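Q: Structure provided below as structure tokens; questions to follow.
The values are calculated or read from the model by the stated rules, or taken from the named source; none is laboratory data. None of these values were measured; they are calculated from a predicted model. Every residue, glycine as well, gets a Cβ built from its backbone with ideal geometry; the counts of neighbours run over all protein chains shown. What goes into the accessible areas is simple: the full protein's heavy atoms, side chains included, and nothing from ligands, DNA or RNA. Shrake-Rupley method; radii C 1.70, N 1.55, O 1.52, S 1.80 Å.
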Amino acid sequence: QEQLVESGGGLVQAGGSLRLSCAASGSIFTISSMGWYRQAQGKQRELVAVITSGGGTNYADSVKGRFTISRVNANNTVYLQMSSLKPEDTAVYYCNAWVLSTSKYTFLEVWGQGTLVTVSS
């Protein structure tokens, strides 16, 4: 069973930085895109950033210039470096990946359990 495990969330003051990590495990043949989504209380889940296997990236306008997504393909790991954090960045952050397992012969979307980021003013 393929799974994603996030780490790195926590409480930080406005203007501070945090780094989220997400590691994929299981019977993985390859991973195409990996990304981060977030869901604030009472709001819908939204895309934060996504990165392809080739390193192409896309960011939500609200985080451009402040967040950086990166990945290490050899380790099936994706990172989100968050800087200049604002109270409105407070949310549960979810890792997402499209995984081709060695047994299923098709890409499946996998989600992590989420990690809470709280930015105090």
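Q: Just wondering, is there one or more residues in region 69-81 that are without any contact (Cβ under 8 Å) to a residue 12 or more places away in the chain and within 15 Å of the chain's Cα centre (by Cα)? Can you show your working first?
A: Kept after step one, since they are without any contact (Cβ under 8 Å) to a residue 12 or more places away in the chain, are these residues of region 69-81: 72, 74.
If we keep only those that are within 15 Å of the chain's Cα centre (by Cα) too, we end up with 72.
Yes, some residue in region 69-81 is without any contact (Cβ under 8 Å) to a residue 12 or more places away in the chain and within 15 Å of the chain's Cα centre (by Cα).
Q: Further question: Is it the case that region 31-38 has a residue that's open to solvent by less than 20 Å² (accessible area, probe 1.4 Å), of a type in the set (A, V, I, L, M, F, W, C), touching a helix residue (DSSP H, G or I) at 6+ places or on another chain (Cβ under 9 Å) and more than 26 Å from Glu88 (Cα to Cα)?
A: Kept after step one, since they are open to solvent by less than 20 Å² (accessible area, probe 1.4 Å), are these residues of region 31-38: 31, 34-36, 38.
With the extra rule that they be of a type in the set (A, V, I, L, M, F, W, C), the set shrinks to 31, 34, 36.
From the residues that got through so far, the ones that are touching a helix residue (DSSP H, G or I) at 6+ places or on another chain (Cβ under 9 Å) too are 31.
Still in the running and more than 26 Å from Glu88 (Cα to Cα): 31.
Yes, because at least one residue in region 31-38 is open to solvent by less than 20 Å² (accessible area, probe 1.4 Å), of a type in the set (A, V, I, L, M, F, W, C), touching a helix residue (DSSP H, G or I) at 6+ places or on another chain (Cβ under 9 Å) and more than 26 Å from Glu88 (Cα to Cα).
Q: Another one. Of a type in the set (S, T, N, Q), open to solvent by less than 10 Å² (accessible area, probe 1.4 Å) and in contact (Cβ under 8 Å) with a residue 60 or more places away in the chain: does that describe Ser101? Steps first, please.
A: Working: of a type in the set (S, T, N, Q): yes; open to solvent by less than 10 Å² (accessible area, probe 1.4 Å): yes; in contact (Cβ under 8 Å) with a residue 60 or more places away in the chain: yes.
In short, yes.
Q: Please state which of the following conditions Gly8 fails to meet, knowing it meets all the rest: (1) at pLDDT 95 or above; (2) at positive phi; (3) out of contact with any Phe, Trp or Tyr (no Cβ under 9 Å at 6 or more places or on another chain).
A: It fails just one condition, (3).
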